[in-house]
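Before any comments, here is the structure.
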Amino acid sequence: MTTGTLYALCGLGLFGIGLGGIILRTHLLHKIIATNVISSGVFLVLVALADRTRGGRPDPVPHAMVLTGIVVAISATALALGLLRRFYRETGRCRLPEPGSLAPGSLAPGSLERWSPERRSEGGDAEKGNAEKGNGEKGNAEKGNAEKGNAEKGNAEKGNGGEASGGKGDGCRTW
Amino acid sequence: MRGGRKTADRTENTDEGIRSKAYSHREVSTMSPVLWILDALFCASLLGLAWQTLRTRDLFKAIVLYIVFGLMMAMAWARLDAPDVALVEAAIGAGVTGVLLLSTLGTLSAARGEGSQRGGAFASAVPVAGLVTGLVGCLVGVLAVAVWQLPVESPGLSAAVEARQEESGTSNPVTAVLLNFRAYDTLLELTVLLLAVLGAEVLAGSEAAGSEAAEGGVAAQETAPRQETGPRQETGPRQETGPRQETGTRQGPDAQQERPPAADRDPVLRGFVRLVAPAMIVVAGYVLWIGGEAPGGAFPSGAVLAAMSFLLMLARAEEGPRLSRRGGRWILVAGLIVFWGVGIAMLAAERRFLEYPVPAAKGLVLLIEAVAAVSIAATLVALYRGGRLVRRPRRTVDSEFRS
Amino acid sequence: MPDLVIVAPILVPLVAGVVAYVAGRLRRGVAIAVAVLQLPLACGLAWEVLRRGPLHYEVGGWSAPLGIQLYADGLTALMICMASIVELAVGVYALGYFEWTERESQPSDHTPPGPSATGPAATGTTTSESAKRSRGGSFWPLSLLLAGSLNGLFLSGDIFNLYISLELLTLAAVGLIGLAASLDALAAALRYLLIAVVGSLFYLLGVSFLYSLYGTLDWQQLAMRFEFDFVSRCAIVLLVLGLLVKAALFPLHFWLPAAHGSAPSPASALLSGLVLKAAFFVILRLWFEVFPHPRLALAGQLLGGLGAAAILWGSLQAIRQRRLKLLVAYSSVAQIGYLFLVFALASDPAVAWNAWSGTAYFMLSHACAKSAAFLAVGSLQLAARGGEIEDVTGAAADHPVTVYAFALAGVGLMGLPPSGGFVAKWLLLRAALESHQVGLAIVMLAGGVLAVGYVFRVLGRAFAATDGAPQRPIPRLMQWTPLVLALVSVGLGLVALQPLELLRIGAPFAPSSSAQSAGLSEQAGLGEQAGLGEQAGLGEQAGANP
Amino acid sequence: MTLLDGLSLLSIASGCFFFVAGSVGMLRLPDAFTRLHALTKADSAGLGLLVLGLGLQADSWWTVLRLLLIWLLVLLSSATTCHLIAQSALRRGAALRRGDNDE
Amino acid sequence: MSLILLWFAVLLVASLLGGLVRILIGPTATDRMLAAQLLGTSGVGVLLLLAEALERPPLRDVALVFSLLAAVGAIGFVRLAADPVEGPP
């Protein structure tokens, strides 16, 4: 149980917490923080596994990879926060709507079509349908690869499904 | 100045091979209990902070916890012999991420002064949460077993890097990997930053003024009046930027007299910024220069410069960065242009793409790092501002962005 | 220096992207010039690969484990040709598209006056005006950087470099989706960004395992050192899971319809045609060339099963859709299913070559057909001023060329005989039948029939007589480009021999003797023109069209 | 253990004592404004003694100078931030009376 | 000697985690921000101790950057998230 292994396990723990967080939490700011937690976890694993090189000098390649990863993560986070700010300004909400529900479609770029509530309901059922089907398919072969895949997809649906029903105008302001 | 200060308590037999100061062998044997306790504390605090950050419903608390999480990560990097990563984590975590998150929170919770924002309940019914935690748990469990089975000694590339270190033009192995051996990765990474700015600019397209509001403290006042006009959907599309121009009407200036002046006219803040901003430029230059032989380089230096610009914008000091529209774009891509220029010059000189001639390697690496640092800083500022560096000068702003 | 031909496909678009970002008015000129230049570059690379076999190029002059290597074999050359053809057509189409939308928004009948513009009306309109131009203008640097990162991904020989290229594609795609500046585009972009970043992090965790096990990031060295132990299997699961999210395979596809449906048409064409294939290309490369192993057959069956489910479910959903772009987006979900069948079919070495080459050719023909479909739908949608299928009733009367283009693209999607899709499906069907996986064969045929369903649903409305309001005129550019691209996708069926020959170089499977005797030539090459020349000719024609 | 080492350990120990005092103060003091004191104590005295102790052990004058610079910057920033945070709390009408620490 | 320094570092990290409790329970945003400042300074202290104990001079640069940017977060809080809304408190 060297130092590297301990920190690698801690990195995996962060990966799990972040993954659970991004699926379960509905507020977008939580999701963005969860993304950062996942990336910190992965970077910790990357450097921790490299800590066990022969001789005292640590292996510089994973450090360079993590440096690049941190800069990529900060740019993705900054873009996501910009998107969130803009989304809040346009809709007054900070939660993603049901994937199928919000499909008024844009006629031409720049036409900021108002997101009319009555359109939201009729598109909602399509997505619910595949959520159940997705979970139904319990592939077994590859170490539960399918479950992980379906679960991730199934609960992303649930995650959004749940809040959409509760999301009637709760926006960011009420608590 | 101090004789053999290390007393006999060091159990580790330090073989005094030639080793640059930055990477002296660990003095304390890895088996001594104190290091175990330190590692245990770091790992426990990291996991605890991450859990709390995502569990709490108050968003401001989540952000503060995340800022402290960045601090603990920097200490974990320090403990894992990764000073370069610790430096970047410190510069970006403390300087950039915190301000970005807080500015977004400021926009989101403009209605309530306290800024405490509820994250809303967990997704939905308990069975789904149970299912997700179960599956994520089993995924992490399987991966933990895999990590546990990893051979103790991993065949890293440190020997290969050490062998070619002299030809790389820098004595810091991480900078050598970043800017010489795998320079192509860093080139693509600067393109990632450019794409992020483009994406932010596209989204801020019709909201240019809006993004400006998010810049200073006026965000709270400006968006405040909109809240009272009732729920969002009914008031029609937001894309015109008219109301953004005039400053929010405060609830009668006199109502404020007994309270201290608002922050932006606060002498302490302005004095502090005038004092710290030059120090930041000096430190950024120092970090950039030392990148050659010790941890440092373009990324931390760029992040420190960006943090300085945030301070200037936050304090709305007179010397806010003022860039013409054209100038802003050139600074954003300066790093890329120099990198591509060097790469193509090597091609023209019948060498491979980005294959630096050994004598010129040090100079080229430093040149690329310097310009990349400026570009990274400009990019982070543009991302904070919603894709644009241009700042419609409200007041005449004189001094240039950077000396 | 012959090696320049390998670096050029990456260098030219990325540098042009930077130039386009800085250049204000020159953006369109730079983008179109590079789009036209890319095709000969791709053909040159293909020619070089044909002549000298797989090419290697060490960036920075450092050898493999330390530095990054670029690697170009038959599959890479084919993919870069695919990308350049689609990018050229989309670029030419976008010329007309953004000019038209700007002219259309001039009298600002689109932006509802609304009571809100309390500020000076002048700044209100000029801001949205400059926003339009800048938004339309931002398409060019974004598409160039997307093209550069795509070529970088196809050519990369380093698994960490692949991670950065995937991130580049993600951010470019988010920017392109955001161009639509409509509310659902904003939500779709946000969801796509979060999911794609998490997918990339899964991939990076897999890379960290492989690096700590084998000490190298170059996937060819990795292939030599790879052993099938427990940790490596975990790394495979992580890599593939991350890439499945980005390739939108069936259970993980929920972000795709909203993203590709709400983006502007040229962006949707790029996303559906090329970006989805990039993630699949990485899986294909890793699965067959880095960690091939008999015990992976079981996992291959699972992926094949998910692919089959995707075909059925995607096609059914496409038929149910009421909006044009969502119909074409769900058709993408279905067609991606076809690609994933290769993991089930290629497990039997006898048919592996057919399956592999069929899939590669399917990627090529589907890219052209899907992009043509999206461009045609975009034109129809703008002409009919509505996104619903009902809105395009009687479009054939006013815009025969566009409807005919959509029909030809539909031929490619359905896989009817003359088209490239047919050749690909034929190869896949042969592989399925010869390896006795009849179930997959049936699913493929059912997918084809369902495709007929949703294509003719649109064509039926288009050809229906209507007395409704006459549709708005579309610029000639936006009519003819989809037609030329659809012709290319059909033409691919006629010139299949040459690309399949190109594919053979550096392929993980040798065409087994049975395929040889069955005579690749007899069912693939109907016409004998020099394949590449013909393709280039068509491409040129598209370029020279405006 | 020369005299120098003893002295430096002593100052580092007292520095750590102030940090612990700061943390305990942060927990036990009733009100936001009183917690300010805990924070500033830890910054100025705690870090100052720590820097002094480490300075004694430093092997070059450059290191001592760097330590002092760090201490100065921390002093500067903690003074400013405490002022600003307190002011913004005042502006938000945070309760000044003892014991009422709920918003 | 470095062993003793490490024990002091452990003590500082313990006090840091103590300060963490205030962030978790802190009723108002002000308390949380104050606690964050305290943790920042403790972090600088721990880094300095580690720099000396593990013989890593670069860690002092990390401490320098932390001390420099300690104020950015707090000023961000004051100017962005916590600026008073002039509406009814």
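Legend: mean number of C-beta atoms from other chains within 10 angstrom of residue C-beta atoms, peptide C:140-146, equals 2.
Structure note, pairs C:Lys277/C:Lys325; B:Lys362/C:Lys246; B:Lys61/C:Lys277; C:Lys246/C:Lys325; A:Lys31/C:Lys325; A:Lys31/C:Lys425: Cα-Cα distances above 30 angstrom occur for B:Lys362/C:Lys246; B:Lys61/C:Lys277; A:Lys31/C:Lys425. Evaluated with a Cβ-only charge set (Lys, Arg +1; Asp, Glu -1), chain D carries a dipole of roughly 300 debye about its Cα centre, given to the nearest 20. The phi-based Karplus calculation (6.51 cos²θ - 1.76 cosθ + 1.60; θ = phi - 60°) puts the 3J(HN,Hα) values of region B:36-47 at 5, 4, 4, 4, 4, 4, 4, 5, 4, 5, 4, 5 Hz, whole numbers, x for Gly and Pro.
Can you tell me how region A:1-96 classifies by the Cα gyration tensor, rounded, prolate or oblate, using a/c under 1.5 as the rounded cut? Verdict is oblate for region A:1-96.
A simple rule links phi to the HN-Hα coupling: the Karplus curve 6.51 cos²θ - 1.76 cosθ + 1.60 with θ = phi - 60°, which for region C:497-508 gives 4, 5, x, 5, 5, 5, 4, 5, 6, x, 6, x Hz, with x for Gly and Pro. Along chain C, counting only trypsin sites (Lys or Arg not before Pro) with a DSSP assignment other than H, G, I, E or B and at most 11 other Cβ atoms inside a 10 Å radius, the longest segment between sites is C:26-294.
Helical runs (DSSP H, four residues minimum) scored at -39500 (n - 2.57) apiece and divided by the length of chain C put the mean residue ellipticity at 222 nm at -25000 deg cm²/dmol. Our note on the geometry: Cα centres of region B:38-113 and region C:39-58, 48 Å apart. Return the whole-Å distance between the Cα centroid of region C:294-353 and the Cα centroid of region B:151-202. That distance is 37 Å. For peptide B:273-286, the mean count of partner chain Cβ atoms within 10 Å of a residue's Cβ comes to 3.
Using only Cα atoms, tell me the angle between helix C:74-105 and the longest principal axis of chain C; keep it within 0 to 90° and round to the nearest 10. So the inclination is approximately 10 degrees. With a/c under 1.5 counting as rounded, go ahead and sort region B:30-118 into rounded, prolate or oblate using the C-alpha gyration tensor (a ≥ b ≥ c being the square roots of the eigenvalues; past the cut-off, prolate if a/b is larger than b/c, else oblate). In terms of gyration-tensor shape, oblate.
Screening chain D for whole DSSP H helices with an alpha carbon extent of at least 15 angstrom along the helix axis and a mean Kyte-Doolittle hydropathy of at least -1.0 yields D:3-28, D:61-91. Shape verdict for region D:3-91, please, from the Cα gyration tensor: rounded (a/c under 1.5), prolate (a/b greater than b/c) or oblate. Note, shape of region D:3-91 comes out oblate. What's the angle, to the nearest 10 degrees (0 to 90), between helix C:4-22's Cα axis and the longest principal axis of chain C? Approximately 30 degrees, to the nearest ten.
For chain C, the longest principal axis of the C-alpha atoms and the axis of helix C:400-414 are separated by about 20°. Take every pair of alpha-carbon atoms less than 8 Å apart whose residues are at least six positions apart; their mean separation over the length of chain C yields a relative contact order of 16 percent.
The numbers here are math on the coordinates, done by the rules we state, and not lab data. Source: prediction; values computed, not measured. Please note: Cβ atoms are built from the backbone with ideal geometry, for glycine as well, and neighbour counts cover all protein chains shown.
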